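Engineer: My questions all concern the structure below.
Just so it is clear, none of the values below were taken in a lab; they were calculated from the coordinates. Here the structure is a predicted model, which means the values were calculated and not measured. Using ideal geometry, Cβ is built from the backbone for each residue, glycine included, and neighbour counts are taken over all protein chains shown.
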Amino acid sequence: MSTSPTQAERQAERAAPAGDNRLKILEATMKRHQYRADALIEVLHKGQELFGHLSPALLTMIARSLRLPPSRVYGVATFYHFFSLAPQGEHTCTVCLGTACYVKGAAAILAALEQATALRAGTTSADGRLSLLTARCLGACGIAPAVVIDGAVAGHADPELLCARLRDLLD
């Protein structure tokens, strides 16, 4: 008598290879939160921490485990700028495009960074060294325009200084 894998098991296999301890850790996180739907953000954070990004297969597995519609899980994952649906580069540069930052020149900063790095916003370099991202708001309006490079916030950002900083990081 053969046992066929359940749909959740097949989904987990697509998210990570069998025996991958990351899935066990993610499962333990969901269990600790009693598979409650209101633990979605915590579970997504753990998934991102473990896998580096949230693949469609991983989002589907989380949705099934928490008994949530996949559209809700995807909606939360795409709403918050912290979550990434694709692998990120070794270094990240996130330009805030919120109202205060935009009014103070964020669009010009983004254009300068795109030109200097030969990347479009939302992409990663072919060598995987840099991801150029945007955010709806970083919550740093008092120091607009704001940019985050590898987790460090740079306020009153200057395009020339940022381009030089990225060149230094990549050299």
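Engineer: Using a Förster distance of 25 angstrom, determine the FRET efficiency expected from the C-beta separation of L169 and H45, and round it to 0.05.
Structural biologist: Efficiency at R0 = 25 Å is approximately 0.50.
Engineer: Which of the lysines could a cross-linker span from K46 if the Cα-Cα distance has to be under 28 Å and same-chain partners fewer than 8 positions apart are dropped?
Structural biologist: K24, K31
Engineer: Let me spell out the model: positive unit charges on the Cβ of Lys and Arg, negative unit charges on the Cβ of Asp and Glu, origin at the Cα centre of the chain. What dipole size does that give, in debye rounded to 20?
Structural biologist: Roughly 720 debye, rounded to the nearest 20.
Engineer: Then there's this: Between R64 and D38, what length in nm is gained on full extension when 0.36 nm per residue of separation is reduced by their alpha carbon distance?
Structural biologist: Between R64 and D38, full extension yields an extra 8.0 nm.
Engineer: Okay, moving on. Of all GluC sites (Glu not before Pro) in segment 73-164, which ones are in loop regions per DSSP and have a Cβ with at most 16 other Cβ atoms within 10 Å?
Structural biologist: Passing sites in segment 73-164 are E90.
Engineer: Moving to a separate point now. Would you work out if segment 91-170 is rounded, prolate or oblate? Take a ≥ b ≥ c from the square roots of the eigenvalues of the alpha-carbon gyration tensor; rounded if a/c is under 1.5, else prolate when a/b is larger than b/c, oblate otherwise.
Structural biologist: Prolate.
Engineer: At most 14 other Cβ atoms within 10 Å and a DSSP loop assignment: could you name the trypsin sites (Lys or Arg not before Pro) in segment 45-131 that fit?
Structural biologist: Sites meeting the loop and neighbour criteria: R67, R120, R129.
Engineer: Moving on to the next point. Under the 0.36 nm per residue contour assumption, what length would be gained going from the current alpha-carbon distance of E114 and D127 to full extension?
Structural biologist: Result for the pair: 3.1 nm of gain on full extension.
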